[in-house]
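This is the structure I want to talk about, given as C-alpha cells.
Values in this text are rule-based calculations from the coordinates and carry no lab data. The structure displayed is predicted, hence computed values, not measured ones. FYI the Cβ positions are ideal-geometry reconstructions off the backbone, even for glycines, and counts take in every protein chain you see.
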Ligand code: CUA
C-alpha cells in the first residue's frame, strides 16, 4: 500500500479496468467529475450513485412544481374574485379606462404564462412519473438522444411567436394609455407631492385642496377623464390608485403626466408608491368620483369664500396670531403660506394628515395640539398652545367647511 496517494484510492472498485481499456485515457485525480463517474458506471452496466442523487433532486423539484401548479391559479383566482369592499386596491377589479387597459394586457400575459407553466410543468411531471427509476431498468442504459431538428425548431420558434404577441399587445396598451390626448370635457389637475401629503390644484377652476382628488365619472357617451400633471416639492413620490391607473412618479424639477377616467361613482383609495421618508407609508390618497351633477356641486362649494363666523373671532385671532399663517392658506385672508395644506375648506375633507385619522373635531384638536404624536416626523410643529387657545382655534378651524 505504498502507492496509496494515487487517484485509485478515491474511486470505486473496478476503476482499474477502465484504466486498462485501450479506448479510455487513464484517469487522474482531477478528472473525477460526475461525467467521468457516470461514464464508468454506464460502461459497466450499473447505476451511478450520482445519477440516483440527481433523480431524487428532480423528484423534490417536481413536488414543488406540482404545488406551484395548484397554488398559482388559485392565487390569481382569489385575487380576481375578491369582494371589492374588502380589496379596495385590487388591480384585478379596475374601474377606470387606463386601469382596464392595463388589466386586459396583464390578463393576457398571465394567461399565456399560466399556459406555458401548465405545459412545461405537465411535461415535467409526466416525464418524472413515466420514466421513473424501476428495478427492472437497474442495469439498462436509456437511449442517448443528441439533437433533433424538429424539437429544437419548435422550442425556438414557439417562444419567439409568444414574445412577439406579448410585445405587440403591450405596445398597443402603452400607446393607448400614455399616448391618449385629453378630449373635450377633460378636468385638468396638478398634483404636487410633499413630505407627506398631496397638494391638489385645479388651475382651470381656481380650487386648491389636499389629499382628496375629486373628479367626475365618465358616463355612457359623456367622457370626463381627469388629466394629472405630477410634480414634487421635495423628494420623489409616486401616485398610485390601483383601481384607476398604473403608478406614475412625482419627481422634483420634472413634470410627469397621467390620466384617470373612473366609470363608477365612489371613493377609490391609493397611496404613495415610492419611498419618500419617515411617513411614506402614511401618505394616503383618496379619489372621490362623483356623478357629473355632484361634481359641479363640489366645485361650487370649493369656490365659496371661507366661512367667517363672528362668534368664532377669538379662535380666528388665535390662528392669525401664530405662525400657522406662514404655512397654510385660507383664501382671501393674509394666511397665504404655501408649505402646508390649504385650509380654506378644511372640514370638507374626510381625513387629517393624508389619511392618518378621520377628520373629526376631536382628532383635529389632537392633531393641532401635537402633530408628532399622531404622525411622528410630520413637518407641522407643535405650536405649544394652551388648552384655551386650542379650543378656540379648533372651533374656528372646524367652521371651515
Ligand atoms: Cu411620498 Cu412615499
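Let me have the relative contact order for segment 351-401, percent, based on Cα pairs under 8 Å that are six or more residues apart.
The normalised contact order for segment 351-401 reaches 30 percent.
Normalised by the number of residues in segment 127-257, what is the relative contact order in percent for Cα pairs under 8 Å and 6+ residues apart?
Reported relative contact order: 18 percent.
Okay, next question. Express in nm, to one decimal, how much length is gained between residue 301 and residue 253 on full extension, taking 0.36 nm for each residue of separation and deducting their alpha carbon distance.
My answer for the length gained is 14.0 nm.
Next question. What is the order of 200, 330, 166, fewest Cβ neighbours within 10 Å to most?
166, 200, 330
So, one more: Once you have a ≥ b ≥ c as the square roots of the Cα gyration tensor eigenvalues for segment 243-347, tell me rounded if a/c is under 1.5, and otherwise prolate or oblate according to whether a/b is larger than b/c.
Cα axes put segment 243-347 in the oblate bin.
How big is the equivalent ellipsoid of segment 297-342 along its three axes, where each semi-axis is √(5λ) from the Cα gyration tensor, reported in whole Å from largest to smallest?
After scaling each eigenvalue by five and taking roots: 19, 16, 7 Å.
Can you compute the modelled spin-label distance between residue 291 and residue 186, with each label point 7 Å from Cα toward Cβ, in nm?
Each label point lies 7 Å from its Cα, and together they span 2.7 nm.
Can you tell me the alpha carbon radius of gyration of segment 141-238 divided by the globular rule-of-thumb value 2.2 N^0.38 Å?
Cα Rg divided by the expected 2.2 N^0.38 Å: 1.97.
Between residue 372 and residue 281, what's the calculated FRET efficiency when r is the beta-carbon distance and R0 is 22 Å? Round to 0.05.
Here the calculated transfer efficiency is 0.85.
Here's a follow-up. Have a look at the DSSP beta bridges in segment 188-319 and tell me what percent are antiparallel, nearest 5.
70 percent
Still on this structure: From the square roots a ≥ b ≥ c of the eigenvalues of the alpha-carbon gyration tensor of segment 173-212, which class results: rounded (a/c under 1.5), prolate (a/b over b/c), or oblate?
Cα axes put segment 173-212 in the oblate bin.
Now for a separate question. Take the alpha-carbon positions of segment 176-308, form their convex hull, and give its projected area averaged over all directions (one quarter of the hull surface) in nm².
Approximately 8.6 nm², given one-decimal rounding.
Taking a cut-off of 27 Å, what percent of all Cα-Cα pairs in segment 271-399 are separated by more than that?
21 percent
Can you compute the FRET efficiency between residue 317 and residue 204 using 1/(1 + (r/R0)^6), with r the Cβ-Cβ distance and R0 = 45 Å? Round to the nearest 0.05.
E between residue 317 and residue 204, to the nearest 0.05, is 0.80.
For residue 154, project a label point 7 Å along Cα to C-beta. Then give me every residue of segment 108-134 with its amide nitrogen under 18 Å of that point.
Correct set: 115-131.
For residue 89, put the label point 7 Å out on the Cα→Cβ axis and report which residues of segment 268-302 keep their amide N under 19 Å from it.
268-289
Only counting other Cβ atoms within 10 Å, I'd like 239, 131 sorted with the fewest neighbours first.
Lowest to highest Cβ neighbour count: 131, 239.
Take 398, 323 and order them by how many other Cβ atoms sit within 10 Å, fewest up front.
323, 398
Could you state the number of Å between the C-alpha centres of segment 145-169 and segment 301-358?
Computed from Cα coordinates, the inter-centre distance equals 64 Å.
I've got another one for you. To the nearest 0.05, how large is the calculated FRET efficiency for residue 113 and residue 326 if R₀ is 51 Å and r is the Cβ-Cβ distance?
Computed FRET efficiency for residue 113 and residue 326: 0.40.
When the chain is fully extended, how far beyond the present Cα-Cα distance does residue 104 get from residue 222, taking 0.36 nm per residue of separation?
Extending this stretch completely gives an extra 40.2 nm.
Right, another one. Take the alpha carbon atoms of segment 108-195, find their radius of gyration, then divide it by 2.2 N^0.38 Å using N residues; give the quotient.
2.05
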